[in-house]
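Reading through the structure tokens given below for one structure.
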Amino acid sequence: MISEVAVEYGEYRGYDAVGLAALVAAREVTAGELLEVAIGRAEQVGGRLNAVVRPMHAQARERAAGELSGPFAGVPFLVKDLLQDYAGLPTGSGCRALQDVPAAAHSESVRRWLDAGLVVFGKTNTPEFGSKGVTEPAATGPARNPWDTARTPGGSSGGSAAAVAAGVVPVAGANDGGGSIRIPAACCGLFGLKPGRGLVPAGPAAAEHLHGAATDGVVSRSVRDTAAMLDVLAGAPDPAGPYLPHRSAEPFAELARRAPGPLRIGFTTRSPLGTEVHPQAVAAVADAAALLEELGHHVEEADTGIDERGLAMDFLAMWATETAATVDEVKRLTGSGNAGFELDTHVLAAAGRRLRAPAYYAAHQRWNRYNRQLAAFHTRHDLLLTPTLAQPPVRIGELDTPPAVRALARLLLPLGLLGLLSRTKAYEDAVIANLAPVPFTQLANITGRPAASVPLHRTPDGLPLGVQFVAPLGGEGTLLALAAQLESARPWAHLEPEL
């Protein structure tokens, strides 16, 4: 029980969000007391991690003092400063041009979190428009990994992951359009589940993001928190949304408590890009495979049969084109010029503008081929197992665009000739260099399949390095049940970085 006199951080850190909510419901602690511990911890580690970029302490204190209801009533919470709009406050999206533009309404995910009784007290750091697997925006500065502050917490939900790993909150808002829940979860020793396409509504500002490749979710220290949060987020379908997703009649929280039964799991450690995979990433999968076999699952090496390098290029085509449209819309909305955006964003947008409509349409049509090939794989294997990351978390600045490419980009931007850069080998090499540490995650986004990163491995120097499981459509319950089984066999929530 948390002390009735004063809540100490050590006591607070010992509970997940479900546990904290139970304490509030039993009146053993108040929402206000929990909030002050969370704020205190955020301020204590903030200068070292730069995880929270928009504090909301006044709003949170007012909310905590009122009547709260819902399954997470009174639990402190952080939302990501990208796509998770909080009415009246800016959604900065890691972009200088958007730092002072207030959101007109809550996004649907934020509304559902508030309806669940959560007390939101800040927004977390993200790269500009979520476009990188690291969180190093020029607008707000880099977020840092609590396990080694010289390294990245991943991206694009890096601020959320850093805050959860550091004990600021037990669970935080995240989203995933190319690995942005799973990558930071793997970097920070957390559990991260990307729900399947359409399960979590994207409204009201959009019907879906990235043709449905992106979805909201959370990063957490416990599987049961993620399961209970998915019950909150999935809820009733959005009547104005593009999907009526299949839902089990039973809550995800209940499915997570069930034994998964023996599963057929196919694994690979080969990079879809043909790039190097670090021995520790290979070891993480081998270690997971051995544990899975001990638990009664059948594990074998397997091939998806998918041209995953081609899939990566089609993913980039979609992302670059979306970036171009986003930059144009932000300029229209804010009147911002080129200075409102990072140079890398301009380069990516230029590559998107260079892509002709028929080529883009053909790339999107190929998603159907990937869907069917992965579905065929899942007739033979219940799950696909891969490394989440191809290497341990990279150092801050390690993936910066090479100086020669940046110099050329600065020269071409004012001339309106930046599209020429995307035709060069130097640009292609820079793109591959940024994808090489995280080549395994885009498959689940393009195909809309649920996928999860489970924090089973540590490198010899103590860095987290997760493994990824990809399930067929509707497989969220299977992922949660397996993750809970693995969590029980090899607990991780008690592990805490020294800060």
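With an a/c value of 1.5 or above and a/b not larger than b/c for the gyration tensor axes a ≥ b ≥ c computed over the alpha-carbon atoms, region 201-289 is described as oblate.
Distances between placed amide hydrogens fall under 5 Å for residue 192 paired with 453, all partners being 5 or more residues away or on another chain.
With every protein chain kept in place and ligands, DNA and RNA left out, what is the accessible area per residue of the chain? Probe 1.4 Å, answer in Å².
Working: 18800 Å² over 499 residues.
Value returned for the chain: 38 Å² of accessible area per residue.
Computed from point charges on the beta carbon alone (+1 for Lys and Arg, -1 for Asp and Glu), the dipole magnitude for region 212-283 about its Cα centre is near 320 Debye. Taking the chain, how many lysine pairs are there with alpha carbons less than 22 Å apart, if each pair must be eight or more places apart or span two chains? Lysine pairs, 8 or more places apart or on different chains, close enough: 8.
For the ranges 469-479, 151-161, what's the packing order if you count other beta-carbon atoms within 10 Å of each residue, average per peptide, and put the highest first?
For the peptides 469-479, 151-161, the packing ranking is 151-161, 469-479.
Considering only 12, 284, 427, the residue lying farthest towards the positive end of the dipole of the chain is 427, judged by Cα position with unit charges set on Cβ. Rounded to whole numbers, the Karplus 3J(HN,Hα) couplings from phi for region 157-167 are 8, x, x, 4, 5, 4, 5, 5, 4, 7, x Hz, using 6.51 cos²θ - 1.76 cosθ + 1.60 with θ = phi - 60°, and x at Gly and Pro.
Peptides 369-381, 47-59 ordered by packing proxy, namely the average of other Cβ atoms within 10 Å per residue, highest first: 47-59, 369-381. The phi torsions of region 375-387, fed into the Karplus equation with coefficients 6.51, -1.76 and 1.60 and a -60° offset, translate into couplings of 4, 5, 4, 6, 6, 9, 9, 5, 9, 9, 10, 9, x Hz, rounded to whole numbers, with Gly and Pro shown as x.
Phi-derived couplings, Karplus 6.51 cos²θ - 1.76 cosθ + 1.60 at θ = phi - 60°, listed residue by residue for region 392-403: x, x, 6, 6, 4, x, 5, 9, 4, 4, x, x Hz, with x used for Gly and Pro. When the Cα positions of 31, 84, 326 are compared along the charge dipole of the chain, 326 comes out farthest toward the positive end, with charges on each C-beta of Lys, Arg, Asp and Glu.
Residues whose amide H comes within less than 5 Å of that of residue 214, counting only those at least five positions distant or on another chain, are 209 (H built at 1.01 Å from N in the peptide plane).
The values are calculated or read from the model by the stated rules, or taken from the named source; none is laboratory data. Not measured: the values here are computed from a predicted model. Positions of Cβ are generated from backbone atoms using ideal geometry, with glycine treated the same way; all protein chains shown enter the neighbour counts. Surface accessibility is based on the protein's heavy atoms, side chains included, excluding ligands, DNA and RNA. Shrake-Rupley method; radii C 1.70, N 1.55, O 1.52, S 1.80 Å.
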